[in-house]
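Quick notes on the structure that follows.
The values are calculated or read from the model by the stated rules, or taken from the named source; none is laboratory data. Not measured: the values here are computed from a predicted model. Cβ placement follows ideal geometry from the backbone for every residue including glycine, while neighbour counts extend to all protein chains displayed.
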Amino acid sequence: MADLMSVSEALARILEGIGQVEAEEVGLAQAVGRILAADLTSPMDSPPFDTSSMDGYAVRAADLAEAGIRLRVVADVTAGQTLETLLQPGEAARIMTGAAVPPGADAIIPVEQTDADWGGVPGAVGPSEVTFRTVAKLNDNIRPRGENVTQGQLVLSAGTRLRPQDVGMAASVGLARLSVSRRPRVVVVSSGDELAAPGQPLSPGMIYNSNGVMLAGLIEQWGGEPVVLPTAPDTHEGVRAVFEQALAQKPDMLVSSAGVSVGAADYVKAVLAELGQVDFWKMNIRPGKPLAYGRLGGVPFFGLPGNPVSAMVTAIVVLRPALFKLTGQADDSHTIRAVIGEDIPSDGRRSYVRVRLAQENGQTVARLTGTQSSGALFSMVLADGLLIVPEGIKRLAAGDAAEVLLLR
Ligand code: AMP
Ligand code: MG
């Protein structure tokens, strides 16, 4: 196994040569799924004022030291309004949820704790005097200014893949546009004379191209903009023509599948060497040992294996971190520890085994999804995660614990 390169060394070599794309500004409506390019601090306190969290009465807590006190209602504050005058001792102001607490008031008493009956009628005017059934404590039912976040507070970190709640947060502090990494263009090339496009009839000896859409989907999921080209035939000129077409797309990254093994029709390495530079590695990984990595017209090029499971596993292991580095995206992969439900043989390479997870007797148990053939994409469909058998291990026994990388 001396000729096999460890996954971490291969990855380190790849990442060394990858820089970050430039940032651009987008409106909030376009921001979900994009990668935040710079730390975001709040330009304001949120909420921007002390807010009532109840429909009721704003009072001075000192006035309601005991239950049964009657106060004069001197004002009506609805959401979006403020009261200019100071609430005096003996006074209360009717107030709605979300309205600014009037100056002088320091507690809100819900209407249900008074003898006032608003009758559930929207717009109904309340009585001019109200009796309170309860005592008031300072700050009761008040959301203080800055309770959510304060001005200058870090709310989102650079590298965050923006979720709806992140974009909502930016909106809540008044930001309309965000600085995000440009979506890298990643060209996807499939090669092989046996590949037919889904939807077309299948002649004898042909199979459908599954890698093309799958890789495009992964790239999209990882923050890139996939550009899928027509399938390259298994000829030197054919592969060369498609690679030239790929470069014309002005991509940030290039991904091909198949044609990197030792078969008579595997032209990817040869054409890559001709048009650019090639590093070919046999990684210490299963599935997906052969990986052609290099540069085509200066653009990072990943020649992934053709078998669909190998293509997806190597994409997860090497393409994903490279794409994340391009956009500055922070690693958000999730691994959990699971108990192995059955013996798992391995061959000493680092193996990514497709497993299903189940909760049994308070433990997370991992079981194989069936055949682990690198051609059996259904094993990936059934899988909740990839169980990692470390390098140098020939067998994991039922009951052992192992790391499982969760799939989305
Ligand atoms: P190769 O690397 O060209 O020797 O291909 C390895 C295996 O993957 C062969 O069985 C191919 O038929 C299969 N394969 C290659 N490309 C694709 C693809 N785009 N979709 C599905 N299977 C593929
Ligand atoms: Mg082939």
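Which ones in region 305-319 are within 16 Å of ARG13 (Cβ to Cβ) and surrounded by 23 or more Cβ atoms within 10 Å (Cβ to Cβ)?
THR314, VAL318, LEU319
Let me confirm something: among VAL299, VAL313, VAL278, VAL309, which residue is within 11 Å of ligand 1 (Cβ to nearest atom), outside the structural domain of LEU387 (by TED's automatic domain parsing) and β-branched (Val, Ile, Thr)?
VAL309
Filter region 161-196 down to the residues that are out of contact with any helix residue (DSSP H, G or I) (no Cβ under 6 Å at 6 or more places or on another chain), closer than 30 Å to THR235 by Cβ and either away from ligand 2 (no atom under 16 Å from the Cβ) or not assigned by TED's automatic domain parsing to the domain that holds GLY223 (or both) and list them by number.
ARG185
Quick check: anything in region 336-344 at pLDDT 95 or above, within 16 Å of ligand 1 (Cβ to nearest atom) and within 30 Å of SER157 (Cα to Cα)? Step through it out loud before you land on a result.
Filtering region 336-344 for residues at pLDDT 95 or above gives 336-344.
Next, only the ones that are within 16 Å of ligand 1 (Cβ to nearest atom) stay: none.
No.
Counting only residues that are under 50 Å from the mean Cα position of the chain (by Cα) and touching a residue at least 24 places away in the same chain (Cβ under 8 Å), which one in region 65-82 is surrounded by the fewest Cβ atoms within 10 Å (Cβ to Cβ)?
Restricting to residues being under 50 Å from the mean Cα position of the chain (by Cα) and touching a residue at least 24 places away in the same chain (Cβ under 8 Å), the top hit is THR82.
Tally the residues that are of a type in the set (Gly, Ala, Ser) and free of Cβ contacts under 8 Å to residues at least 24 places away in the same chain, restricting the search to region 156-189.
1
So which of GLU129, GLU147 ends up being under 28 Å from the mean Cα position of the chain (by Cα), in contact (Cβ under 8 Å) with a residue 24 or more places away in the chain and closer than 21 Å to ALA61 by Cα?
Exactly one of GLU129, GLU147 is under 28 Å from the mean Cα position of the chain (by Cα), in contact (Cβ under 8 Å) with a residue 24 or more places away in the chain and closer than 21 Å to ALA61 by Cα, namely GLU147.
Name the single residue, out of those in region 182-197 being within 18 Å of ALA246 (Cα to Cα) and more than 10 Å from ligand 1 (Cβ to nearest atom), that is surrounded by the most Cβ atoms within 10 Å (Cβ to Cβ).
Here the residue is VAL186.
Answer with yes or no whether ALA62 is modelled with pLDDT of 95 or more, exposed (fewer than 14 other Cβ atoms within 10 Å of the Cβ) and of a type in the set (A, V, I, L, M, F, W, C).
yes
Can you say whether PHE324 is within 20 Å of GLU16 (Cα to Cα) and not in a helix (DSSP H, G or I), as far as the supplied structure shows?
No.
Got at least one residue in region 198-212 being in the same structural domain as MET312 (by TED's automatic domain parsing), more than 16 Å from ligand 1 (Cβ to nearest atom) and surrounded by fewer than 19 Cβ atoms within 10 Å (Cβ to Cβ)?
yes
Scan region 374-384 and give yes if some residue there is aromatic (Phe, Trp, Tyr), touching a Leu at 6+ places or on another chain (Cβ under 9 Å) and at negative phi, otherwise no. Before you say what the answer is, go through the steps one by one.
Quick first cut of region 374-384, residues aromatic (Phe, Trp, Tyr) only: 378.
Right, trim to touching a Leu at 6+ places or on another chain (Cβ under 9 Å) and you get none.
Checking region 374-384: not a single residue is aromatic (Phe, Trp, Tyr), touching a Leu at 6+ places or on another chain (Cβ under 9 Å) and at negative phi.
On the basis of being more than 13 Å from ligand 1 (Cβ to nearest atom), closer than 30 Å to ASP384 by Cβ and out of contact with any helix residue (DSSP H, G or I) (no Cβ under 6 Å at 6 or more places or on another chain), does MET283 make the cut?
no
Looking only at region 14-31, count how many residues are in a loop (DSSP other than H, G, I, E, B), at pLDDT 95 or above and exposed (fewer than 15 other Cβ atoms within 10 Å of the Cβ). Before you say what the answer is, go through the steps one by one.
Step one: list which residues in region 14-31 are in a loop (DSSP other than H, G, I, E, B), which gives 17-22, 31.
Now restrict to residues that are at pLDDT 95 or above: 18-22, 31.
Checking which are exposed (fewer than 15 other Cβ atoms within 10 Å of the Cβ) leaves us with 19, 22.
The qualifying residues number 2.
Given region 342-408, what strands (runs of 3 or more DSSP E) lie entirely inside it while holding 1 or more residues that are among the charged types (D, E, K, R) and surrounded by 17 or more Cβ atoms within 10 Å (Cβ to Cβ)?
350-360, 363-368
Based on what the data block shows, is ALA38 more than 30 Å from ARG161 (Cα to Cα), hydrophobic (A, V, I, L, M, F, W, C) and either in contact (Cβ under 8 Å) with a residue 24 or more places away in the chain or not in a strand (DSSP E or B) (or both)?
Details: more than 30 Å from ARG161 (Cα to Cα): no; hydrophobic (A, V, I, L, M, F, W, C): yes; either in contact (Cβ under 8 Å) with a residue 24 or more places away in the chain or not in a strand (DSSP E or B) (or both): yes.
Judged against the criteria, ALA38 is not a match.
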